[in-house]
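Here is the structure we will look at.
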Amino acid sequence: MTKLPLAQTVLLSAHIIFAPALALAEGEAVVDSRTTGAVAANSDFDARGVVLPNAEITLGAGVAAKIEKMPFKAGQAFTEGEALVVFDCARQKADLRGAKSSLTKAASVYKSKRRLKKRGAAGSQEVREAAADVATTQATVDGLREVLRYCDIKAPFNGRVLERHADPFEIPAANAPVMTVVDDSSLELDLIVPSTWLRWVKPGVEFDFSVDELGTSFRARVSRLGAKVDAVSQTIKITGAFVNRPDSVLAGMSGTARFAKPNQ
């Protein structure tokens, strides 16, 4: 076996290591660290972006009870204040009735002790104990009333159901997730751009956003800038919004923001 000189061996190894990188650079799907993890933009003034909803929250069960109704399914729209989940709280309501009865009794005993004390037939300690019984029972009533507030989960905003984590007749544990909802009445565009763009990118600057899934462009504008530059990648997050909210665009879609060449 013929041994190559050390210098030739190093050059051959370097060729083997860098050849795949060269092939990747010539391909069409090069990953660009300046973008939001998608294919590199075609222009120095393009940036990849993702469409985000105004809000996305997961609603949890505030009470351990059987689900009676869930009128909305995934994808359906609802309005603020509508009942998204209704629990069967018959047991909790019965507990509240019993606690109210105990409160009435405790209050009656307290009043009786106060009258007896005025006549010298009861001591101060008895009155204090009766008052403590009233306070304890009142706390129980208040707690059960608070529990009953969670028997219906009302929609916190106008939006749509993203996912149901439970179904009617199931009994989820307290605090277990039951439904995820989104407020897509307005959408945001999440862009990661080079920090050097801060020389000309300001709130109010307009751009075209081409949505990959639709093959259509929509006019948008920068609404706010990120609070910090990433020192490693030298990028910053900027947030945009559509000038007119397009009905066909959904949260989770991605695309390319195309800015006009700045006047420098």
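The values are calculated or read from the model by the stated rules, or taken from the named source; none is laboratory data. No experiment lies behind these values; they were computed from the predicted model shown. Here the Cβ is made from the backbone with ideal geometry for all residues, glycine too, and neighbour counts use every protein chain on show.
Tabulated data for the structure shown
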{"item": "Any hit, the stretch 228-247, residues being without any contact (Cβ under 8 Å) to a residue 12 or more places away in the chain, over 20 Å from F45 (Cα atoms) and among the aliphatic types (A, V, I, L, M)", "result": "yes"}
{"item": "Condition met for K117 (surrounded by 15 or more Cβ atoms within 10 Å (Cβ to Cβ), free of Cβ contacts under 8 Å to residues at least 12 places away in the same chain and either more than 21 Å from L144 (Cα to Cα) or within 32 Å of the chain's Cα centre (by Cα) (or both))", "result": "yes"}
{"item": "Selected residue (criterion: surrounded by the fewest Cβ atoms within 10 Å (Cβ to Cβ)) from residues of the stretch 143-198 that are farther than 15 Å from A74 by Cα and small (G, A, S)", "result": "A173"}
{"item": "R160 being out of contact with any helix residue (DSSP H, G or I) (no Cβ under 9 Å at 6 or more places or on another chain), closer than 30 Å to A94 by Cα, among the basic types (K, R) and not assigned by TED's automatic domain parsing to the domain that holds V243", "result": "no"}
{"item": "Answer residue from the stretch 189-207, given it is of a type in the set (V, I, T) and assigned to a loop (DSSP other than H, G, I, E, B) and is nearest to A241 (Cα to Cα) among those", "result": "V205"}
{"item": "Options V141, V147, V134: the member that is touching a residue at least 60 places away in the same chain (Cβ under 8 Å) and either closer than 30 Å to P71 by Cα or not hydroxyl-bearing (S, T, Y) (or both)", "result": "V147"}
{"item": "Within the stretch 157-188, tally of residues that are among the small types (G, A, S) and assigned to a loop (DSSP other than H, G, I, E, B)", "result": "4"}
{"item": "So I67, is it surrounded by 13 or more Cβ atoms within 10 Å (Cβ to Cβ), farther than 30 Å from I236 by Cα, touching a strand residue (DSSP E or B) at 6+ places or on another chain (Cβ under 8 Å) and among the β-branched types (V, I, T)", "result": "yes"}
{"item": "Members of the stretch 226-251 that are surrounded by 14 or more Cβ atoms within 10 Å (Cβ to Cβ) and under 21 Å from E56 (Cα atoms)", "result": "G226, K237, I238, T239, G240, A241, F242, P246, V249, L250, A251"}
{"item": "Qualifying residue in the stretch 236-243 (condition: assigned to a loop (DSSP other than H, G, I, E, B) and on the phi > 0 side of the Ramachandran plot)", "result": "no"}
{"item": "Condition met for N158 (over 26 Å from M253 (Cβ atoms) and within 20 Å of the chain's Cα centre (by Cα))", "result": "no"}
